[in-house]
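One structure is given here, and the rest of the page talks about it.
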Amino acid sequence: MSLNVGVLSIQGDVHENLISAQTAIDELGIDGKVTAVRTPEEISELDGLIIPGGESTTMGQLSLVNGSMKILKEKIENGMPVLGICAGMIMLSNNASDRIVGKTDQPLLDILNIKLERNSFGRQKESFESDISMDSIGIPKFNGVFIRAPSVSEVGSDVEVLSKFNDRIVAVKKGNIIGTAFHPELTEDTALHKYFINLVNTSKN
Ligand code: GLN
């Protein structure tokens, strides 16, 4: 059966993820399609989901208003693989505050037991790229693109740290859930998207 992978297209870096995920599927020779999803109906049909980077406060408010927050939580808690990128990782968390303004009362999916500092590396103009590694998932070298990125300051005992940059946690995993502070869709390297697609494929079959 063909894989049905979605990119949450409420706000943020949707287009680049559609391309990276479809490229990953094609490179792996897996039968599947990637589409932009927004409504509870579209989300309910998915085998796997990417929550892209963008602005987590806006994404949270809009998904609450359009009714997709509930189904997102249900599907992920029932095992649907999810890749949360930057704002997407913030959405998955249960505890996020901004480096400057502190606690923002934003809607979160409350799925990953991690404490996050939003905008941890500074503003948009302080964006940077750096090599990072995710050895435990077979990706020893990856170009991390950090844009107003969060860092994770604490993880629950059930959450695996996948990567650190300058002693700060920048990628995590819990079962079928992956969160990254950096943007894999903004590099040519599809390794992380391929890892994720394999996870979706395994969990479906
Ligand atoms: N700083 C944004 C937030 O807090 C995330 C930035 C990003 O996704 N590139 O939501």
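Laboratory data are not the source of any read-out in this text; all were calculated from the coordinates shown. Predicted model only: the values in this text are computed from it and were never measured. In this analysis, Cβ positions are derived from the backbone assuming ideal geometry, glycine residues included, and neighbour counts consider all displayed protein chains.
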Between rounded, prolate and oblate, where does region 70-133 land on the alpha carbon gyration tensor, with a ≥ b ≥ c its root eigenvalues, rounded for a/c under 1.5, else prolate if a/b exceeds b/c?
oblate
Any idea what the dipole of region 121-205 comes to, in debye rounded to 20, about its Cα centre with Lys/Arg Cβ at +1 and Asp/Glu Cβ at -1?
200
Would you please state the base-10 log of I(q)/I(0) at q = 0.21 1/Å for region 105-205, with intensities from the Debye formula using one equal scatterer on every alpha carbon?
-1.20
Of Lys103, Lys73, Lys194, the most mobile residue in a GNM of the chain (C-alpha springs, cutoff 10 Å) is Lys103
Going 7 Å from the Cα of Thr104 in the Cα-to-Cβ direction, what parts of region 143-184 have a backbone nitrogen less than 15 Å from that spot?
147-151
Got a sec? How would Arg38, Arg99, Arg123 order by Cβ neighbour count within 10 Å, fewest to most?
Arg123, Arg99, Arg38
Tally the DSSP beta bridges in the chain and give the antiparallel ones as a percent, rounded to 5.
50
Cβ-placed point charges (K, R +1; D, E -1), dipole of region 1-109 about Cα centre in debye, nearest 20
380
Does region 10-135 come out rounded, prolate or oblate by the C-alpha gyration tensor, with a ≥ b ≥ c the root eigenvalues, rounded set by a/c under 1.5 and, if not, prolate when a/b is larger than b/c and oblate if not?
oblate
Under a Cβ-Cβ cut-off of 15 Å, what is the net charge of the residues other than Leu112 that fall near it, where Lys and Arg count +1 and Asp and Glu count -1?
0
Contour minus Cα-Cα span, Ser130 to Met1, at 0.36 nm per residue, comes to 42.6 nm
Candidates Leu28, Leu116, Leu192; GNM for the chain (alpha-carbon contacts under 10 Å) flags as most fluctuating Leu28
When Ser120, Ser56, Ser151 are ordered from fewest to most other Cβ atoms inside 10 Å of their Cβ, what list results?
Ser120, Ser151, Ser56
Scan around Ser153 for amide H atoms under 5 Å from its own, H built in the peptide plane at 1.01 Å from N, and keep only partners 5 or more places away or cross-chain.
Lys115, Leu116, Glu117
Does region 126-173 classify as rounded, prolate or oblate by the C-alpha gyration tensor (a ≥ b ≥ c root eigenvalues; a/c under 1.5 gives rounded; else a/b over b/c gives prolate, otherwise oblate)?
oblate
Can you list which of the DSSP-assigned H helices in the chain have a Cα extent of 18 Å or more along the long axis and an average Kyte-Doolittle score of at least -1.0?
14-28, 191-204
Please give the charge dipole size of the chain, origin at the Cα centre, charges +1 on K and R Cβ atoms and -1 on D and E Cβ atoms. Round to the nearest 20 debye.
440
How much mean residue ellipticity at 222 nm does the chain get from its helices, if each DSSP H run of length 4 or more adds -39500 (n - 2.57) and you divide by all residues, to the nearest 500 deg cm²/dmol?
-8500 deg cm²/dmol
Least to most buried among Thr35, Thr57, Thr190, by other C-beta atoms within 10 Å and fewest first, runs Thr35, Thr57, Thr190
For the residue pair Asn205 and Ser97, what label-to-label distance in nm results when each label sits 7 Å from Cα along the Cα-to-beta-carbon direction?
4.6
So which of Lys70/Lys141; Lys103/Lys125; Lys125/Lys194; Lys103/Lys174 end up more than 28 Å apart, counting from Cα to Cα?
Lys70/Lys141; Lys125/Lys194
